[in-house]
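Here the structure comes first, spelled out in structure tokens, and everything after it is commentary.
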Amino acid sequence: MAAAAAIAASKGNGGGGGRAGAGEASSSRRKKGPGPLATAYLVIYNVVMTAGWLVIAVGLVRAYLAKGSYHSLYYSIEKPLKFFQTGALLEILHCAIGIVPSSVVLTSFQVMSRVFLIWAVTHSVKEVQSEDSVLLFVIAWTITEIIRYSFYTFSLLNHLPYLIKWARYTLFIVLYPMGVSGELLTIYAALPFVRQAGLYSISLPNKYNFSFDYYAFLILIMISYIPLFPQLYFHMIHQRRKILSHTEEHKKFE
């Protein structure tokens, strides 16, 4: 899942979160950016999403202070996490109608990968919700998304603080491996429960003469991280050097 999100930084539109961002439209394609109404909508959307992920961050901190433990903090932010991560599906629509200049296919893959992990794994396999690995990817996602949506908002307003830009193209160095580790460990923890319950699996014989093994499907997803993670991670490193060095050069000329 996070492997897909990694492309975000490489495209200049989505640090660890990975989606084609609303804000990049104004910075990377100023001449063909969204119109006034679309820009206003995208600003509101990104402000709301930033606020939503801030709510999740505050919820995690408050739950930790109240419990005095980081175990099972997922339950304290389960509803807002599901709501705002699912809300990212709108980013596919943004690409489809052309107000954000990014690939619909790529954005769909990136968004759906996270939605899949939230609903088809964490929500569907209740036993993994108390795993520390869930907290690992939730923290990584939360920090990433606060930075990402803030970046988009300020970019749309043509007033991007360097600190936010730096954070967007730097913190992924830690957050991306952290998120990937949490996702993989969560899927791995779900495997025995999926196999035991036959979750989402279809066995033969049936009238459609079709079978599907969800357990094997999850294993294939885990294996897909092996070629994707290093390739995307080092590509992001390359993009970081390119973008931040360009910023430094621009500052010198100013």
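The values are calculated or read from the model by the stated rules, or taken from the named source; none is laboratory data. Given the structure is predicted, the values throughout are model-derived calculations rather than measurements. Heads up, the Cβs are rebuilt from the backbone with ideal geometry, glycines too, and the neighbour counts pull from every protein chain shown. SASA here: full protein model, heavy atoms, side chains in, ligands and nucleic acids out. Shrake-Rupley method; radii C 1.70, N 1.55, O 1.52, S 1.80 Å.
So for each of 111-121, 58-68 I average, over its residues, the number of other beta carbons within 10 Å; can you give me the resulting order with the highest mean first?
111-121, 58-68
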What accessible surface, in Å², does a 1.4 Å probe find on L175, ignoring ligands, DNA and RNA and rounding to the nearest 10? 20 Å²
Counting heavy atoms of the protein chains only and a 1.4 Å probe, report the per residue accessible area for segment 24-132 as a whole number of Å². 52 Å²
One point scatterer per Cα, no solvent, Debye formula: log10 I(q)/I(0) for segment 53-119 at q = 0.24, 0.28 Å⁻¹ comes out as -0.95, -1.11
For the pair F116 and S203, what calculated FRET efficiency results from E = 1/(1 + (r/R0)^6), where r is the Cβ-Cβ distance and R0 = 25 Å, to the nearest 0.05? 0.70
Using only the Cα atoms, work out Rg/Rh for segment 178-230, with Rh taken as the Kirkwood radius, to two decimals. 1.09
Could you work out, for segment 72-187, what percent of all Cα-Cα pairs fall into each 5 Å distance bin, beginning at 0 Å and stopping at the bin that holds the largest distance? 2, 11, 18, 21, 21, 15, 8, 3, 1, 0
